[in-house]
Each structure stands twice: as structure tokens, then as C-alpha cells.
Ligand SMILES: Nc1ncnc2c1ncn2[C@@H]1O[C@H](COP(=O)(O)OP(=O)(O)OP(=O)(O)O)[C@@H](O)[C@H]1O
């Protein structure tokens, strides 16, 4: 099997508001972490929801582990761990009770593994979830997603709300998760430094369309940011320009080539999201 996830020509338009995903296509290779980057409302959660079938797509095909995703195919969902930014855990339960619930739900539930994450994330076992902070609740959701032998993790803003050391712990856990080369992660985040740290490839989405789908190393080694006067900008070879943003006195340009400043993912994101994509 080449790709763990194949998304082909995914389209979804909401009747209310009219936002639409347009021909979203990408693949996720086994053993890789894909960073999913886009501004608020770009369509990240809609894409992830459409992949797992919680949002009904209009057109397109999603294959996970080579099988087309259709509603009700629980055997596939067993293999997918999902964490959304809006954590919805039963508030009345403690970690101990929650563990028993998930033990009954997932065929491949691993109690020892769950408690090892509970330890690692310093979560209290006997307090009700209601008393947990947002970051603690996120950690519980991630611990659950990691403890049922999933082959694929879909993490929508899973690092949001975690303090820097908590985020670092989580990123290490995620790296270990894919280290056997068989499992993969799609990670959406506004914290581009997290993505820069662990992603193997990056997908940039804006207004429901994919702008860029590229290996991280290739992006960082083959693209540069240049600050040009308007005149210099006009004389740049058009084929080299990926995106540009006109500032008051100069133009920031993302170019393919060796001339200019090596960009960070954050700078590339701002240019792609705020600038004009060519
Ligand atoms: N159920 C819905 N009905 C109508 N519009 C919706 C619905 N769900 C999402 N949208 C719209 O779809 C667009 C994309 O939303 P989505 O949640 O996918 O963005 P996102 O990239 O995940 O954003 P964020 O970074 O803010 O979480 C937004 O304009 C949103 O208002």
C-alpha cells in the first residue's frame, strides 16, 4: 500500500454561508506527519470532518488504508484516532471511569498504554473531567486517541491550549507514534513552530482550496523570501514567484530559487494567507 490516506477531489459546500471545499486532493504516506496549515475558516476542520464522515461530502472519494470511507464502517474508525479542538468528554467521569468506558468501546484498547500517557501528561486519575483545564482535557483526548492501536491520527488543533513543555511532550509522543514507519498523522495547527518541528510535509489551505502540498525540507530548501522595491518586483521572473504581499514601501515575495532569505514556515504562511498566491 502506498498511501495510508488518499483524498480525491473532495468537494463540500455548506448551504448556509456558502463556504466550500474545492477539489481537495492529497495523500498521506505511512510513517509521515503532515502539517495542515491555514487561517481561521480556511477549511481544515471541514476537511478532517469530511475524511472521517462526520461531515457529509458532496463529491469526492476518501480512501483510508486502501478502503473507501463510507458511513458505518467501524472497523476503519477503530484504526483512526481523532482529536478535535472542541473537546467533548463526559464531564462527570474521572480518568479511572473514562478508562473503563473506552475499554468497552475499542476492541484494541490498551489500558497500560493509556495509563502511561496519563502519567506522562501528569493527569490526575480521580478528579472529574469537569475540573480539568482545557489543556488537560486536550491531553486526555490525545491519550485516548493514542491508546486504541490507531494507525492514523487526525489531530485538529490538538496542541492548542497546551503550555510549551506540554506541547513539547506531545510532539515527542507523536514522533514516536510514526516511528515504526507504518502509522501517520494529519496535524492541523496555528502554532507553526510545532509544525515546523515535527511535520514531514505540509499542506496549506485557503478559502477551501489547497495552495501548496509539499515536503517540508523541499519547501525550506528551495524557496526564499525577498523584500523588493516595486520596480525590482516587476522585473522578477514571473515563473519564480509563488506569492507576494505588497507592503507600504516594499513587496514581500515568496520565490522559488536561492536568492533571498531562508524563510520560516510562519513567514511562508503569512505570505500565502495574506498575500496574493500566483
Ligand atoms: N455546519 C456549517 N454550516 C455552515 N458553514 C460552516 C459549517 N461548519 C463550518 N462552516 C464554515 O466553513 C468555513 C470553514 O470552517 P472550518 O471550521 O473548516 O475552518 P478551519 O480552517 O478549521 O478554521 P479554524 O482555524 O478557525 O478552526 C468557515 O467559514 C465556517 O464558518
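Top mean-square fluctuation among 266, 234, 156, Gaussian network model of the chain, C-alpha springs under 10 Å?
Most flexible of the set in this elastic network: 234.
Against the longest alpha carbon principal axis of the chain, how many degrees, from 0 to 90 and to the nearest 10, is the axis of helix 164-177 turned?
Tilt of helix 164-177: around 80 degrees.
Within 10 Å, count the other beta carbons around each residue, average over each peptide in 95-102, 28-35, and list them highest first.
Result, highest mean first: 28-35, 95-102.
Return the calculated 222 nm mean residue ellipticity for the chain, to the nearest 500 deg cm²/dmol, obtained by summing -39500 (n - 2.57) across DSSP H runs with n ≥ 4 and dividing by the residue count.
Taking each H run of at least 4 residues, the total per residue is -9500 deg cm²/dmol.
Where the Cα atoms of the range 77-208 are projected onto their three principal axes, how long is each span, largest first, in whole Å?
Projected onto the principal axes, the Cα atoms of the range 77-208 cover 39, 29, 28 Å.
With label points built 7 Å along Cα→Cβ from the Cα atoms of residue 230 and residue 256, find their separation and express it in nm.
2.8
Which distance in nm do the two modelled labels at residue 274 and residue 70 give, with both placed 7 Å along the Cα-to-Cβ direction?
Placing both labels 7 Å along Cα→Cβ, they lie 4.7 nm apart.
Quick one: helix 95-105 against the long Cα principal axis of the chain, what's the angle to the nearest 10°, folded into 0 to 90?
90
Calculate how many DSSP beta bridges within the range 90-230 are antiparallel, expressed in % of all such bridges and rounded to the nearest 5.
Here the share of antiparallel DSSP bridges comes out near 60 percent.
Once you place label points 7 Å from the Cα toward the Cβ at residue 160 and residue 218, how far apart are they in nm?
3.0
Which residue fluctuates most in the GNM of the chain (Cα springs below 10 Å): 152, 219, 187?
Maximum fluctuation in the GNM of the chain, among the listed residues, is at 219.
Any chance you could give the angle, 0 to 90 degrees and rounded to 10, that helix 265-274 forms with the longest Cα principal axis of the chain?
Approximately 70 degrees, to the nearest ten.
Antiparallel as a % of all DSSP beta bridges within the chain, to the nearest 5?
65
Please pull out the direction-averaged projected area of the chain, using the convex hull of its alpha-carbon atoms, in nm² to one decimal place.
If I average the Cα hull's projected area over directions, I get 16.2 nm².
On a full-extension model of 0.36 nm per residue, what is the gain between residue 247 and residue 267, subtracting their alpha-carbon distance, rounded to one decimal in nm?
5.8 nm
Readers should treat all values here as calculations from the given coordinates under stated rules, not as data from a laboratory. What you are looking at is a predicted structure, and each value in this text was computed from that prediction instead of being measured. All Cβ positions, glycine included, derive from the backbone under ideal geometry; neighbour counts span all protein chains shown.
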